[in-house]
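Coordinate-derived values only; no laboratory data. Being a predicted model, the structure only gives us computed values, none of them experimental. Every residue, glycine as well, gets a Cβ built from its backbone with ideal geometry; the counts of neighbours run over all protein chains shown.
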Amino acid sequence: MTVCWQLLRGLFSALVACALFRVVLMTLVRRIAHLDMDAFYASVELLRYPQLKGLPVVIGGRWRREDDVLARAAADGTLASIPLEDFPRIRDYVGRGVSTTATYAARQFGVGSAMGIMKAAKLCPDAIMLPVDFDEYRKYSRLFKSVILEHAPLMENRGVDEVYIDFTEVEGGQQEGGRKLAEKIQSAIFSATGLTCSVGVAPNKLLAKMASEFNKPNGISIVHEADLESLIWPLPCRKINGIGPRTDEKLKRFGIETIRDLALREQGWLTENFGESYGAWLYRAARGLDERPVVTSSEPVSMSRETTFGEDLHAVANKAELGAIFTRLCEQVAADLERKGYVGKTVGIKIRYDNFKAATRDHTADFYTADAKVIRQLAGQCLKRVPLERRIRLLGVRVGSLVRRDEVDESGHLPGELPRSRKKADPNLSLFDDL
Ligand code: DCP
Ligand code: MG
């Protein structure tokens, strides 16, 4: 009897605890952070060239002869001791190209992202200019994101240098509106990478994205629902992520400059002039309303397809069959990339021979692609580099170094990325022709 009574009591306490927990969860205020690295590419460069700290530095342009000085020094492993006068200056730059970013010291002269180098050179001729090194930026991107995940599990990737983080249920995520947790993450990132970032914490992504810009660099801004009129409404409409230059122009033609101006318009007027769904979105955005969840997605590193043959095939005797299978694998990987919205620049193959030994080869192009023909051509180049005397039991094709499709331009390059040599793949090249 006593045992039964005790069991009942235990069950009752568990139920009460559960209910209390739910109440606590329900009363938690939604806190979403947007974290954006400060002058990201430039700051990563400054890690290896600390002598440039505090100086105007612009990242971008084509690979030039002056960079060879840095490349030679790199070979000696003495980057930090390269004297300042050895660094190329923007005034000596000849050619086209754009600045991807600039240090805050350079920004004081008006130099910014996506600005023609010629214009930047006029604004700040003494600025030091460095070429882009995407591999290095991606390395630090992975690093700072992994630090965040140690503190908060719900993180959404928004590109190389920014993420959204759901603070709502994370320890410390509600303290001082999220400031405590933001500070903790900021300092953990700094310890791990030496890089600073800025964080905005707000009731949703839309406001958090704006907030992260309020105190750049190395700042934290907290926005509550009640701050809408004082902090958000005075801002120009363009600060809303989703209002591009063309919409902004149109809004201005109607005399709508600030978010407050936008908020004063009726929903009917907005949908009439901007379409049913965009108009409705504008109406809500001006009121700081946004329910989009923080979507966690683990970014794939590569995508591959492989097949084991019914019976082992030989590169010469079964040339046509192998060629067809190879093409199909490439088409399948291309379709996977297309469906998931990725492009890649490293194409690799895997072969398993009849003795179960395997061989892999890969090739990194200087552009990103998801095109089946291009993948097939690059994979074909890899195939030429493996021994093909033995019979083959398995063939695989892999595309790696993935980035999201919307991150690259039409020629398959990231913003500001300019290839040193742009060899176009020839999709008409016949595979197995050299066998
Ligand atoms: N970038 C680029 N081309 C652009 C804009 C940016 O290549 N038109 C690259 C360089 C930046 C990085 O993306 O370092 C991140 O972009 P941000 O807009 O976050 O700019 P920064 O991090 O450089 O500066 P901020 O401190 O303002 O965030
Ligand atoms: Mg940034």
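In the frame of its principal axes, the stretch 188-241 has Cα extents of 37, 20, 16 Å, reported largest first. Extending 7 Å from Cα along the Cβ direction at Q51 and again at E257 yields two label points whose distance is 4.8 nm. Counting only lysines at least 8 places from K119 when in the same chain, those with an alpha carbon closer than 25 Å to its own are K53, K216, K239. Would the chain count as rounded, prolate or oblate if I go by the C-alpha gyration tensor, calling it rounded below 1.5 in a/c and otherwise prolate when a/b exceeds b/c, oblate otherwise? It comes out oblate by the Cα gyration axes. Between E183 and D133, the simple spin-label model (points 7 angstrom out along Cα→Cβ) gives 3.5 nm. Its relative contact order, with pairs defined as Cα atoms under 8 Å and 6+ residues apart, puts the chain at 14 percent. Bridge orientation summary for the chain: considering DSSP beta bridges with both residues in this region, about 90 percent are antiparallel. The equivalent ellipsoid of the stretch 302-407 has semi-axes of 25, 13, 11 Å, largest first, where each one is the square root of 5 times an eigenvalue of the Cα gyration tensor. Projecting the Cα positions of I189, F109, G323 onto the charge dipole of the chain (unit charges on Cβ atoms of Lys, Arg, Asp and Glu, taken about the Cα centre) puts G323 furthest along the positive direction. Only Lys, Arg, Asp and Glu carry charge here, each on its Cβ (+1 for the first two, -1 for the last two); on that basis the stretch 225-351 has a dipole of about 380 debye about its Cα centre. Which of the GluC sites (Glu not before Pro) found in the stretch 260-311 are in a DSSP loop and have at most 12 neighbouring Cβ atoms, other than their own, within 10 Å? Here the GluC sites (Glu not before Pro) that fit, given the DSSP loop and packing criteria, are E266, E291.
The mean of 1/r over all distinct Cα pairs in the stretch 125-168, once inverted, gives the Kirkwood hydrodynamic radius of 12.2 Å. Descending by average beta-carbon neighbour count within 10 Å, the peptides 202-215, 351-364, 326-339 line up as 202-215, 326-339, 351-364, the highest first.
To the nearest 0.05, how large is the calculated FRET efficiency for S81 and T307 if R₀ is 60 Å and r is the Cβ-Cβ distance? For R0 = 60 Å, the calculated efficiency reads 0.70. Straight-line cross-link partners of K350 among the lysines, defined as a Cα under 27 Å from its Cα and at least 8 positions apart when in the same chain: K139, K319, K340, K373, K384, K423, K424. Over the residues of the chain, the helix contribution to mean residue ellipticity at 222 nm works out to -11500 deg cm²/dmol, using -39500 (n - 2.57) for each DSSP H run of at least 4.
Taking the Cα centre of the stretch 234-297 as reference, the dipole from Cβ charges on Lys and Arg (+1) and Asp and Glu (-1) amounts to some 200 debye. Basic side chains Lys and Arg get +1 at the Cβ, acidic Asp and Glu get -1 at the Cβ, and with that the dipole of the chain about its Cα centre reaches some 440 debye. Put a dot 7 Å past the Cα of K119, heading toward its Cβ, do the same for E150, and the two dots end up 4.1 nm apart. Between E249 and H224, full extension at 0.36 nm per residue minus the direct alpha carbon distance yields a gain of 6.1 nm.
For E299 and E266, the FRET efficiency from 1/(1 + (r/R0)^6), where r spans their Cβ atoms and R0 equals 45 Å, is about 0.60.
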